[in-house]
Amino acid sequence: MELSAETIEQNLREVREKVAEACRKSGRNPEDVKVLAVSKTKPVEDIRAAMSIGQHAFGENYVQEIQKKYEVLGDQVEWHMIGHLQRNKVKYIIDKVKLIHSVDTVELAEQIEKEAAKHGVNMDVLLEVNIAREETKWGFTAEAAPEAAKVIGAMPHIQVRGLMTSAPITEDAETNRVHFRNLRLLSEQIGAMGYPGVRMDTLSMGMTADYPVAVEEGATIVRVGTAIFGERNYQK
Ligand SMILES: *Cc1c(COP(=O)(O)O)cnc(C)c1O
């Protein structure tokens, strides 16, 4: 179902309010938390509705969809790639996205390095970590993440800016608190190693079901789709 522009605006205000509340609760500054509006499968009009109340950062999962929306909106907004990225598609988004959240192999990073060099850009990336060790999920294990950060940070056209995770789907957000905390601890641990090209200032965690808990545990980006734009319809 598509929501009206008014509903999207109202939803976004509520998300911002909940982020602010989680910040108050945990003694954080709301300015340190960015709401990434996840607009995958949603039309450009929905993005415009969010833009009308100052939303600037949008998350997308599919390369083709980024290309299409980029044709219309260009650099008026920040595009973030949050979905699994195939190596042969890096070339289509390298000059369009602000941050790739979903670097899940060193081989993908090598491809990003290659395309970034070719386009003369410096790419900011996050390493996706499968923090809860789910069999179905992409991402580095917590054990593999430090070495991956070292290797990828050494690539001249890539800056590792932090970690990203998708926590397990759950009815009770509290059960994900431990995973968010573990991701933050891992990020601090990697940051302390001082690897060149690695600056762990970004933690991308928390979705519609659990973003307030993620903020309490240190998220600097929450990726919220359904709570802003409504349920997605993948049939279209
Ligand atoms: C779709 C998606 C989101 C947003 O999920 P909601 O539950 O709709 O908020 C966040 N992160 C990733 C990686 C996604 O694929």
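Sorted fewest first by neighbouring Cβ atoms within 10 angstrom, MET81, MET200 come out as MET200, MET81.
Order by neighbour count: ASP75, ASP210, ASP124, fewest other Cβ atoms within 10 Å first, most last. List each step's numbers first, then the result.
Working: ASP75 9, ASP210 25, ASP124 18.
Going from sparsest to densest Cβ surroundings: ASP75, ASP124, ASP210.
Fewest-first ordering of GLU60, GLU134 by other beta carbons within 10 Å of each residue's beta carbon gives GLU134, GLU60. For the range 5-229, the Kirkwood estimate of hydrodynamic radius, built from reciprocal distances between every pair of different alpha carbons, is 17.6 Å. Legend: residue pairs LYS98/LYS137; LYS18/LYS118; LYS25/LYS68, Cα-Cα distance threshold 31 Å; pairs beyond threshold, LYS18/LYS118; LYS25/LYS68. Diffusion coefficient of the range 74-199 by Stokes-Einstein, Kirkwood radius over Cα pairs, 4 °C, 1.567 mPa s: 87 µm²/s.
Take each peptide in 178-190, 43-55, count the other Cβ atoms within 10 Å of every residue, and average; sorted highest first, the result is 178-190, 43-55.
Here the chain is treated with +1 on each Lys and Arg Cβ and -1 on each Asp and Glu Cβ, and its dipole about the Cα centre works out to around 380 debye. For the range 1-58 versus the range 59-106, the inter-centroid distance based on Cα atoms is 20 Å.
Taken together, the values in this text are just the output of simple stated rules run on the coordinates, not laboratory data. What you see is a predicted model; the values in this text were computed from it and never measured. Cβ sites come from the backbone with ideal geometry, for glycine too, and all protein chains shown count toward neighbours.
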